[in-house]
Amino acid sequence: MLSRTSISRSCTKALQRHCVCRRTQIRNLAAAASGSFQYETGEEAGVKYASRDLPGPTTTLTVVAKAGTRYQAQPGFSDALEKFAFKSTTRRSAVRMIREVELLGGDLSAYHSRENLVIRAKFLREDLAYFTELLADVISKTKYAPHELNEQVVRVMKLGQKHLLANPSHMAINSAHGLAFHRGLGTPLYPTSSTTFSKYLDSEEIYNFALSAYSKSNIAVVANGTSQSELSKWVREFFEDAYTGGRKLESPPSKYYGGEERIAHDKGNVMVIAFPGSSSFTSGSSWKPEIGVLAALLGGQSSIKWTPGFSLLAKAASEHQHAHVSTQNHGYSDAGLLAVTVTGTASHVGKASHSVVEALKKIASGDVSGEDIKKATALAKFQALETGQDINAGLEATGSGLITGGKAYQIDEIGQAIDKVGEDKVKAAAKSLLDTKATVSTVGDLFALPYAEDIGLKI
């Protein structure tokens, strides 16, 4: 069995320096109590990076690439590239990588969203050098071997298809994005069962996609739990050899369309009622904090146990015990989708869906108390700041912002902007949604579930 000492002899310079870094990092840990929730940003070796030196013994390090489904060259490429993370590289076999990381107590993962591909490592703070080198190795030296594609990657992708097919909520959200944006943001997050992605998947083509996805201008390195000086040093050393060529990954500016789709399903009933929302905070001027307040005011879920909550849809849902309602703004780099999701029995989903339109009309007409809007503002601020504190969401949002506009997810600025939202802005936002063509995706018992026009929506 490999010992930690034997790994130190055989690994790269990063792991060889482990003992030296350990002493330095332990001293840094004592000073980290003064850490801020604000990100410090910079650029080394042509790669943008950001760090937030939070106190604690562990670090989370991510490489964020602008290579989500919006930017994939062919169907299934983003999913396949995600599944190739931590496979064999020219420097390490997959087995060696696993054994090294296990002996260091690390945690590796990867996922993709509609705009980003995220490769993540969580580890003890003193092991920053090794894991920085490891992630650089993954993005620049993966072999993309044909046997790994055919025997492992494709098989896992097909299992994901089955999971998607069995989940009515995922199907409805995918459908709503497709109706709202068509291509780009409308591309399914995972290939659907009707997508013949196998004919597009080729190890050489995926490698070419990786050249673009992992090029220096298309990635950002973001860390929680380390100092800017430490991260800067290791990014400069280990990301020097990252890809610099490849075709630039582009997607046309998002355009909202709207529409209605109905999908029969016997595993549950879901209606997603959506409208144009707000882009993410890191997008800059196109971010609309009033959409966050409107989402909190519509709500559907209580933040306090044993009470229905103050939100309009939570009160409405309490009258339909077999319906569950939630509201979320899906924010992206240049667009957003404000989606209300209603799940439950077909009859109660139908009744609760009427409440969504009634609640919007109530807000647009000003028939909402100022106290409820203050509560919604406070909740929207809390949710936005909590997202910034959340390691996973904050890292991806910051990485995406650095790539597209050089802006990190800064908590203080978000809170100040939400505090400035007044009743008039919330009212105007609700009115604009009602004047816009809606997006309605219905999955389940289509005989019992209503059409969009049945609940008073424009399609």
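Laid out as a table, the results:
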item: Test: Glu396 is in a helix (DSSP H, G or I) and surrounded by fewer than 19 Cβ atoms within 10 Å (Cβ to Cβ); result: no
item: Unique match (being of a type in the set (Gly, Ala, Ser), under 30 Å from Gly46 (Cα atoms) and in contact with a strand residue (DSSP E or B) (Cβ under 6 Å, 6 or more places away or on another chain)) among Ala393, Ala408, Ala452; result: Ala408
item: Residue check, Lys199 open to solvent by 60 Å² or more (accessible area, probe 1.4 Å), at pLDDT below 95 and assigned by the TED database to the domain that holds Gln389; result: no
item: Number of the condition not met by Gln74 [criteria: (1) polar (S, T, N, Q); (2) farther than 24 Å from Ser217 by Cβ; (3) assigned to a loop (DSSP other than H, G, I, E, B)]; result: (2)
item: Of all residues in the stretch 77-134 being buried (at least 21 other Cβ atoms within 10 Å of the Cβ) and aromatic (Phe, Trp, Tyr), the one that is farthest from Ser229 (Cα to Cα); result: Phe77
item: Selection count where residues are charged (D, E, K, R) and in a loop (DSSP other than H, G, I, E, B), scope the stretch 200-239; result: 1
item: Filter pass, Ala264 being surrounded by fewer than 23 Cβ atoms within 10 Å (Cβ to Cβ) and touching a residue at least 60 places away in the same chain (Cβ under 8 Å); result: yes
item: Subset of the stretch 159-184 [of a type in the set (A, V, I, L, M) and over 16 Å from Asp79 (Cβ atoms)]; result: Ala166, Met171, Ala172, Ile173, Ala176, Leu179, Ala180
item: Close pairs from the stretch 280-291: first touching a residue at least 40 places away in the same chain (Cβ under 8 Å) and assigned by the TED database to the domain that holds Gly401, partner in a helix (DSSP H, G or I) and basic (Lys, Arg), Cβ under 6 Å, at least 6 apart; result: Glu290/Lys425
item: Residue list for the stretch 268-293, restricted to those being over 17 Å from Thr387 (Cα atoms) and open to solvent by less than 10 Å² (accessible area, probe 1.4 Å); result: Val270, Met271, Val272, Ile273, Ala274, Phe275
item: Selection within the stretch 433-459 - surrounded by 13 or more Cβ atoms within 10 Å (Cβ to Cβ) and either without any contact (Cβ under 8 Å) to a residue 12 or more places away in the chain or on the phi > 0 side of the Ramachandran plot (or both); result: Gly444, Gly456
item: Where Arg99 falls short, out of the listed (1) touching a residue at least 60 places away in the same chain (Cβ under 8 Å); (2) in a strand (DSSP E or B); result: (2)
item: The stretch 143-174, subset open to solvent by 10 Å² or more (accessible area, probe 1.4 Å) and β-branched (Val, Ile, Thr), residue nearest to the chain's Cα centre (by Cα); result: Ile173
item: Arg125 in contact with a Pro (Cβ under 6 Å, 6 or more places away or on another chain), of a type in the set (Lys, Arg) and touching a residue at least 12 places away in the same chain (Cβ under 8 Å); result: yes
item: Residue within the stretch 19-40 that is modelled with pLDDT under 95, surrounded by fewer than 16 Cβ atoms within 10 Å (Cβ to Cβ) and at positive phi present; result: no
item: The lone exception for Ser355 - which of (1) without any contact (Cβ under 8 Å) to a residue 60 or more places away in the chain; (2) within 30 Å of Leu61 (Cα to Cα); (3) of a type in the set (Ser, Thr, Tyr) it fails; result: (2)
item: Residue check for Thr387: crowded, with 16+ Cβ neighbours inside 10 Å, farther than 30 Å from Gln321 by Cα and of a type outside the set (Gly, Ala, Ser); result: no
item: Subset tally (residues that are in contact with a Ser or Thr (Cβ under 8 Å, 6 or more places away or on another chain) and open to solvent by less than 90 Å² (accessible area, probe 1.4 Å)) for the stretch 240-255; result: 5
item: Residues of the stretch 361-393 satisfying the condition of being at pLDDT 90 or above, among the aliphatic types (A, V, I, L, M) and in a helix (DSSP H, G or I); result: Ile363, Ala364, Ile373, Ala376, Ala378, Leu379, Ala380
item: Restricting the stretch 342-355 to residues that are of a type in the set (S, T, N, Q) and surrounded by fewer than 22 Cβ atoms within 10 Å (Cβ to Cβ), the residue that is farthest from the chain's Cα centre (by Cα); result: Ser347
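The values are calculated or read from the model by the stated rules, or taken from the named source; none is laboratory data. These numbers come from a predicted model, not from an experiment. So basically every Cβ, Gly included, is an ideal-geometry build from the backbone, and we count neighbours across all protein chains shown. Just so you know, the surface numbers come from the protein's heavy atoms only, side chains and all, with ligands and any DNA or RNA stripped out. Shrake-Rupley method; radii C 1.70, N 1.55, O 1.52, S 1.80 Å.
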